[in-house]
Structures are given as structure tokens and as C-alpha cells.
Amino acid sequence: MPRGAGDLSTAALPHEDLGAAWRRARPRPAGRHLDSAATSRQSNRALEAAAHHARHEAELGGYVAEAAAEDLLQQGRSVLGGLVGMAAADVAFLESAQAAFVALLSGWRLPVGARVACLPGEYAPNIAQLRAHGLRPEPMPVDGVGRVDVDAFGRQLAADPPRFVHLTHVPSHRGVLQPAAEVAALCRDAGVPLVLDAAQSLGHVDCDLGADVVYGTSRKWLAGPRGVGLLVARPAIAAQLVPVLPEPEGVPPMRAFESGEAHVAGRIGLIVSVGDHLAAGPDRVRERLAALGRTTRALLDGVSGWTVVEPADEPTATTTLRPPAGADVVATRSRLLTEHGIVTSAIGPERAPGEMTGPVLRVSPHLDASVEDLEALAAAL
Ligand SMILES: *Cc1c(COP(=O)(O)O)cnc(C)c1O
């Protein structure tokens, strides 16, 4: 007999210890937070580390406090670089994923009209940045859920290689995991650089896949503070980037892309959050997040006519739901928040106009979510 939603709702999620530890480690939520693809909840340790640095700034002076934190910042660059298979010298702290992408494009100074392969469902602000830098986005071949068709992409790459490939690892409008390792292998063979948008994948799925550039943000699945992002580039790419003001001899060239004036306390909060992620065990984190995604889809698909977009077993924690005829996604998202205290996101088609045909409700639980939270959402829908 197939497993019905009833069986699933009583089935335990894997690594309940992780869920409990994650819950214990942070402030009690005011409601049910199912919106980590927008921003996660920080741990007390991360909040306190950022506050501690801000206090140090008041006590010592901001520049003295930053110099005193330099070893920690450097350890952080090392750990963050490690998450994507690169080194501390390859990492630059930026203010957001978008700021990191802009820093990359500004530094790369590619010729106007250069072609960039990307998903038809690419995040609209990324397309806008490519165009603003004079580049020409061209669609990669995908299947019916928007996943890269690896064989067809291999042929496209061989026939007419673009200047670089930009791949959004997990899109923001859909919890589909792209075959980034396969794409990276094809790019490497073709000698075409791969830039990975890991805004939705750092802390969520494995990002050590052989990309040449990886950029992302602190506040989503890594559960760090807002206002911090990172750009990580292999030395061969870093050597092609021309900063406005180069660093002096002996300083890693990627450091030129860090803004001198920055929310240093936020960087420290992120470093503590990444420490939490590593201590939890990235493999276990991924297993529980994937199970949360499966359970979300099993519990919500078909409820009151809402239908799940992702394949049921997609190994991500993000689920999107298409509304039944006549239902308003923005109004539903507000009703869930104000009447039930459930935090989700309404995503309009302008987020990925090349792929979305209408709005979706996005549900993205982190490790501390319970089956009961998801059942409460099903009941509220
Ligand atoms: C959130 C997001 C971004 C932008 O991240 P910011 O930190 O807000 O700049 C880029 N790409 C994807 C896929 C995202 O989900």
C-alpha cells in the first residue's frame, strides 16, 4: 500500500536531536517560522557574538576591535571557503549575494555582448545585473521542472561555448536542486568558467562541487545575520578580476572586493553560525532538511486544492504550492501570518518570469520545524 499523508504525519523525521538542539539554541519563535528561504532564525550564540563585537567597538574603537577580530575573521574565511572547496584567500565578505554578484561582474569587466548561459528560470535580479553589465543571458536546456538537461547542455556547451555559465543551484521560486556537479564537470572539460549562485544552497545542500566562483548570503540556510554575503573565486578567476583599488603586495587579491566599511559584527555572527552548521554535521543537516521537504510535500499536496510544484522526493527543504483557482497567494500568505502566526512567502511570477506562469506560496522550514508545524499549516490552508 502507498504511504498516505496519515502515515507520514506520525512518522518521525530523521535526526530529531538536531531539531531539538536547533530549537534550544535560539530564541523562542513568536509563531511557526516556515520561511528560511527568506531568512532563518539566528542562534543565541550568533546573536551574542555580533552584540559582543558591537560592544567591543564601543569600548575599543571600531578599527581596533576589527583588528582584534582579524584571526576570527580569517578563520571564518577559511571555513566558508571550505564549504565550497576553496581557501581563505579566495573569500571576500560582501553585504549580500547580490552585492557579491555585482562585485564579480564589475571586477571581471567582460566585453559588452559576451554570452552567459543561465537557467530559463533564472532569478530576475540576476538577469537584470547581467544585462546592466552589458552581458547577454542565454537559456540552458531544461526539463519540465526547470532542471538542467545535462546531456543537451553538454552538446550546447560543445557547439557554442558561452563566456561563462551562471547556475542558480537552488532557485528562490522553486525547491529544485540543480545538477551542479555534472554541470561543473562539463564546464571544466569545456574550459568555460562556472559561477554558482549558492544563495539558497549554502547550509542546505552540498556546495563543494567544483564551481569556479560561488556566491551566497548569510541569512538564509546558514542562519546568520542579514546584511552579510560572500564571494568566493578560484585564483585563476581572481587573477582576471580588476578591482577599482587593488590591495597592496602580499594581501590576497580577493580582499579588494570587500568593502572597507562593513557590518563587521554581522560577519562575526555569520562565522559563529557556520560553526554551528559544521558542529551539527552538514550531512545530517542535509538529511533532515530533505526529509522536511518530503514531509511538507506529502502533507500539503492537494490540501484545499493547493498543488506542490516540486517532485515529492526532491532533496531540498523548500516546497512551493500553486493555488487553487480563485485563491489569492498574497492574501493567503497574510492570512496565515496574521490569523495563524505561520511565516511563509508569496512569490510572484516576476521573480522568475522566464519560468513561472503564476504566483506560488513558498514553505521553507529549517531544522527546528516539526511535523506538527506542517500539519498546522495544512489545517490553516
Ligand atoms: C536571495 C537570493 C539572492 C539574493 O540574495 P541577497 O542576499 O538578498 O542579495 C540571489 N539568488 C537567489 C537564488 C536567492 O534566493
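Among the numbered criteria (1) modelled with pLDDT of 95 or more; (2) more than 12 Å from the ligand (Cβ to nearest atom); (3) of a type outside the set (Phe, Trp, Tyr), which one does Glu261 miss? Going through (1) modelled with pLDDT of 95 or more; (2) more than 12 Å from the ligand (Cβ to nearest atom); (3) of a type outside the set (Phe, Trp, Tyr) one by one, Glu261 breaks only (1).
Reported count of residues in the range 25-57, each being closer than 16 Å to Pro365 by Cα and either assigned to a helix (DSSP H, G or I) or under 20 Å from the mean Cα position of the chain (by Cα) (or both), is 11. The residues of the range 280-310 that are in a helix (DSSP H, G or I) and either touching a strand residue (DSSP E or B) at 6+ places or on another chain (Cβ under 8 Å) or of a type in the set (D, E, K, R) (or both), listed by number, are Asp283, Arg284, Arg286, Glu287, Arg288, Gly293, Arg294, Thr296, Arg297, Leu300.
Can you say whether Arg362 is under 27 Å from Ala128 (Cβ atoms) and under 18 Å from the mean Cα position of the chain (by Cα), as far as the supplied structure shows? Judged against the criteria, Arg362 is a match. Here's a check for you: in the range 149-174, which residue that is in contact with a helix residue (DSSP H, G or I) (Cβ under 6 Å, 6 or more places away or on another chain) and buried (at least 21 other Cβ atoms within 10 Å of the Cβ) is farthest from Ile347 (Cα to Cα)? So, considering only residues that are in contact with a helix residue (DSSP H, G or I) (Cβ under 6 Å, 6 or more places away or on another chain) and buried (at least 21 other Cβ atoms within 10 Å of the Cβ), the one farthest from Ile347 (Cα to Cα) is Val165.
If you check Phe164, Phe153 for being touching a residue at least 40 places away in the same chain (Cβ under 8 Å) and either farther than 30 Å from Val79 by Cβ or among the aromatic types (Phe, Trp, Tyr) (or both), only one passes: Phe164.
Note on the range 176-199: residues that are closer than 20 Å to Leu289 by Cα, touching a helix residue (DSSP H, G or I) at 6+ places or on another chain (Cβ under 9 Å) and within 11 Å of the ligand (Cβ to nearest atom) total 3.
Applying a threshold of 6 Å to beta carbon distances and a minimum spacing of six or more residues, or different chains, the list of pairs starting in the range 106-125 at a residue that is assigned by TED's automatic domain parsing to the domain that holds His173 and farther than 25 Å from Gly146 by Cα and ending at one that is surrounded by 15 or more Cβ atoms within 10 Å (Cβ to Cβ) and at pLDDT 95 or above reads Gly107/Leu241; Trp108/Leu241; Leu110/Arg163.
For the range 238-252, does any single residue satisfy the condition of being within 16 Å of the ligand (Cβ to nearest atom), over 30 Å from Ala159 (Cβ atoms), modelled with pLDDT of 95 or more and of a type in the set (A, V, I, L, M, F, W, C)? No; the residues of the range 238-252 include none that is within 16 Å of the ligand (Cβ to nearest atom), over 30 Å from Ala159 (Cβ atoms), modelled with pLDDT of 95 or more and of a type in the set (A, V, I, L, M, F, W, C). Scanning the range 149-175 for residues that are over 27 Å from Ala103 (Cβ atoms) and within 16 Å of the ligand (Cβ to nearest atom) turns up just one, Gly175.
Here is the figure for the range 216-250: residues that are within 17 Å of the chain's Cα centre (by Cα), over 14 Å from Gly107 (Cα atoms) and not small (Gly, Ala, Ser) total 9.
Can you tell me which of Val102, Val79, Val64 is within 16 Å of the ligand (Cβ to nearest atom), assigned to a helix (DSSP H, G or I) and at pLDDT 95 or above? So the residue among Val102, Val79, Val64 that is within 16 Å of the ligand (Cβ to nearest atom), assigned to a helix (DSSP H, G or I) and at pLDDT 95 or above is Val102.
The values are calculated or read from the model by the stated rules, or taken from the named source; none is laboratory data. This is a predicted model, so every value here is computed, not measured. A quick note on method: Cβ atoms are made from the backbone with ideal geometry, for glycine too, and the neighbour counts reach across all protein chains shown.
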